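Okay, structure first, notes after.
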Amino acid sequence: MAEGPKYPLKIKYEYVGAENVRPSLVHGVWGGINAHGEIELNFYTESDKLPETSEQLVHPDGQVGPEIAALDEETRCVVRRIDQRIIVSYQTARALLDWLDEKVQALELEGEGSPYFFDEGKGPAQ
């Protein structure tokens with residue numbers, strides 16, 4: 001009788017960060033389902049748009065006055081900068097959803113949010 005394939009007892013994953021890996025602040029996400037049936041997530045941060053120029057008046061005594069920027073008084077312009085564009089399969093999206101739900105539930109059990117909040121510089125809350 002022929003034996004089937006022999007599988008390992010466990011799989012070990014090692015995590016190695018690329019040189020350019022850095023934490024990113026995320027204010028929101030925009031995206032949807034693409035033509036290949038994958039989910040596209042465009043994570044963005046928001047900030048007020050910087051003016052193209054600004055000026056400062058110089059008084060006759062040489063003192064510099066306040067900075068003046070030409071801003072539209074009726075419309076506030078907010079820039080959404082996309083720093084991360086992630087494309088995931090249905091299976092990965094399901095796994096991500098379950099993982100996020102588990103983490104959110106753990107935070108909610110702590111009341112204030114995280115078991116890692118620091119109390120007056122005394123270290124992690126116990």
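Computed from the coordinates by the stated procedures, all read-outs in this text should not be read as laboratory data. From a predicted model like this one, the values you see are computed outputs, not experimental measurements.
Give me the log10 of I(q) over I(0) for region 28-109 at q = 0.25, 0.26 Å⁻¹, as the Debye formula computes it from C-alpha points; what are the numbers? Treating every Cα as an identical point scatterer, log10 I(q)/I(0) equals -1.16, -1.18. The C-alpha atoms of the chain define a longest principal axis, and helix 90-109 lies at about 70 degrees to it. Computed extension gain for residue 6 through residue 29, at 0.36 nm per residue and net of the alpha carbon distance, reaches 3.9 nm.
For region 28-109, the relative contact order works out to 33 percent when only alpha carbon pairs closer than 8 Å and six or more residues apart are counted.
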